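Pasting a structure below so you can have a look.
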Amino acid sequence: MAISAVLSRATAFATCLAACTGAARADAVSDFYRGRTVNVLIGVAVGGEYDLHARAVSRFLGKYIPGNPSVVPQNMTGAGGLKMANYLYEVAPRDGTNIGMLANTFPAMQAAGVKGVMFDANKFSWIGSICPTIETMTVWKTTGVHSIEDARNKEVIAGATGRGAITYMFPAMLNEFAGTKFKIVTGYPGGNDVNLAMERGEVGARNNTWSSWKVTKPDWLRNKDITVIVQAGPKTNDLPGVPSIEDVIPDPDNRKVVELLVSGTRLGRPLATTPGVPEERVKALRDAFDAAMKDPEFLREAAAANIEVDPVRGVDMQDVVKNVLATPKHLAERARALIE
């Protein structure tokens, strides 16, 4: 038999074997998930942007996971979401039936060596995020503060969930590097609770994402109840004239520390599953997330809720986390004081 014929048959056999193997893996994933429940764990209270994004994804994810399991969102609050993240890493079954919507600050917290972090973010399998985020520092209308310069000259109470959360880290970072005078009060279970505190006059400022403001408090924006005095992350045409955090921090070394602290903007509201999940199930979850982001009904619901859809893929998130954890030690150590 001619060598070319042998090679042709070998190639055909290899192609057939690969196709059969792929089909077998797909069937195995479908068989595993059929009749099961996938838990989507949310580390903060009901009503904030993390909760809204997790529930929006949960309504469509099961439609695209092979075997069509039930997908159930569950809130597991505590320590600004750390309780849930540690549970996901240490306790939850490592089989692809548990997904967490993690705080996007967690990789930076790990890089900085923050106490209470009992996970390795590199070992989570990152699934996806609806969109990157734009972080803002926002003040209430009665504070008399309308700019970053005003915040340098007047003390304003800022509400936060807990140390380590972006709601604490962001004003602390502005105090350290931009000279503002925010007095940070922690202990609120979630962003919605901080909003209520602003309405009651308990606090006069808070960190929040721009997308969250548009989803949860569009009436505040219409009525000009709040003013954004600084932003971080991707630029948006929605905030003309609002300086970026780089604009208000002149020292280049300080800016490098800030880059680590706001690195979570690239992750958005990220979903991840436990370490140790078989590769084919991780791929199935990522593919299901990507498909859900294109679902016409999901897109209609997102538009109605003012949720921007600009998906961040799981494989890209994995690279972001890897790069964050490779931050030089001396920069990470400077960041620690602002996180802990």
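Of PRO278, PRO240, which residue is without any contact (Cβ under 8 Å) to a residue 24 or more places away in the chain, on the phi < 0 side of the Ramachandran plot and more than 19 Å from the chain's Cα centre (by Cα)?
PRO240
Please indicate, with yes or no, whether at least one residue in the stretch 93-110 is modelled with pLDDT of 95 or more, assigned by TED's automatic domain parsing to the domain that holds GLY204 and more than 25 Å from PRO250 (Cβ to Cβ).
no
Step by step: first the residues of the stretch 34-44, then only those that are outside any loop (DSSP other than H, G, I, E, B) and not hydroxyl-bearing (Ser, Thr, Tyr), then the one that is surrounded by the most Cβ atoms within 10 Å (Cβ to Cβ). Which residue is that?
So, considering only residues that are outside any loop (DSSP other than H, G, I, E, B) and not hydroxyl-bearing (Ser, Thr, Tyr), the one surrounded by the most Cβ atoms within 10 Å (Cβ to Cβ) is ILE42.
Go through the stretch 195-215 and give me each residue that's buried (at least 21 other Cβ atoms within 10 Å of the Cβ), modelled with pLDDT under 95 and of a type in the set (Val, Ile, Thr).
THR209
Name the residues in the stretch 119-134 that are within 28 Å of THR227 (Cα to Cα) and buried (at least 23 other Cβ atoms within 10 Å of the Cβ), would you?
Result: SER129, ILE130, THR133, ILE134.
Matching residues to (1) part of a helix (DSSP H, G or I); (2) farther than 30 Å from PRO218 by Cβ:
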| residue | (1), (2) |
| --- | --- |
| PHE298 | yes, no |
| ASP310 | no, no |
| VAL320 | yes, no |
| ALA335 | yes, yes |
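Can you name every residue in the stretch 300-336 that is more than 19 Å from the chain's Cα centre (by Cα) and either aromatic (Phe, Trp, Tyr) or under 20 Å from HIS53 (Cα atoms) (or both)?
Hits for the stretch 300-336 are ARG300, GLU301, ALA303, ALA304.
Among the residues that make up the stretch 213-229, is at least one of them in contact with a Pro (Cβ under 9 Å, 6 or more places away or on another chain) and either farther than 26 Å from LEU267 by Cα or of a type in the set (S, T, N, Q) (or both)?
The answer is no, given that none of the residues of the stretch 213-229 is in contact with a Pro (Cβ under 9 Å, 6 or more places away or on another chain) and either farther than 26 Å from LEU267 by Cα or of a type in the set (S, T, N, Q) (or both).
Next question, about the same structure. Does VAL139 satisfy the criteria of being among the hydrophobic types (A, V, I, L, M, F, W, C), surrounded by 20 or more Cβ atoms within 10 Å (Cβ to Cβ) and in a loop (DSSP other than H, G, I, E, B)?
no
Would you say ALA272 is assigned by TED's automatic domain parsing to the domain that holds GLU90 and out of contact with any Phe, Trp or Tyr (no Cβ under 9 Å at 6 or more places or on another chain)?
Criteria not met by ALA272.
If you don't mind, there's one more thing I want to ask. Among the candidates TYR87, TYR64, single out the residue that is on the phi < 0 side of the Ramachandran plot, in contact with a helix residue (DSSP H, G or I) (Cβ under 7 Å, 6 or more places away or on another chain) and modelled with pLDDT of 95 or more.
Going through TYR87, TYR64 in turn, the sole match is TYR64.
Please indicate, with yes or no, whether at least one residue in the stretch 149-163 is under 21 Å from THR273 (Cβ atoms) and β-branched (Val, Ile, Thr).
No; the residues of the stretch 149-163 include none that is under 21 Å from THR273 (Cβ atoms) and β-branched (Val, Ile, Thr).
Return the pairs, sorted by first residue and then second, in which the second residue is not in a helix (DSSP H, G or I), the first residue lies in the stretch 324-339 and is under 14 Å from LYS115 (Cβ atoms), the beta carbons are less than 6 Å apart, and the residues are 6+ apart or on different chains.
Listed by first residue and then by second, the contacts come to ARG336/GLY113; ILE339/VAL114; ILE339/GLY164.
Another question, then. Mind checking which residues of the stretch 261-280 are polar (S, T, N, Q) and modelled with pLDDT under 95?
Passing the criteria: SER263, THR265.
Could you check how many residues of the stretch 241-286 are over 20 Å from LEU41 (Cβ atoms) and touching a helix residue (DSSP H, G or I) at 6+ places or on another chain (Cβ under 7 Å)?
14
To continue, here is another question. Which number in (1) within 14 Å of LEU102 (Cβ to Cβ); (2) surrounded by 24 or more Cβ atoms within 10 Å (Cβ to Cβ) marks the one condition that PRO275 misses?
(2)
Might you let me know whether the stretch 232-250 holds any residue that is surrounded by fewer than 21 Cβ atoms within 10 Å (Cβ to Cβ) and either assigned by TED's automatic domain parsing to the domain that holds VAL40 or over 23 Å from ALA178 (Cβ atoms) (or both)?
Among the residues of the stretch 232-250, at least one is surrounded by fewer than 21 Cβ atoms within 10 Å (Cβ to Cβ) and either assigned by TED's automatic domain parsing to the domain that holds VAL40 or over 23 Å from ALA178 (Cβ atoms) (or both), which makes the answer yes.
The values are calculated or read from the model by the stated rules, or taken from the named source; none is laboratory data. Being a predicted model, the structure only gives us computed values, none of them experimental. Note: ideal-geometry Cβ built from the backbone for every residue, glycine included; neighbour counts use all protein chains shown.
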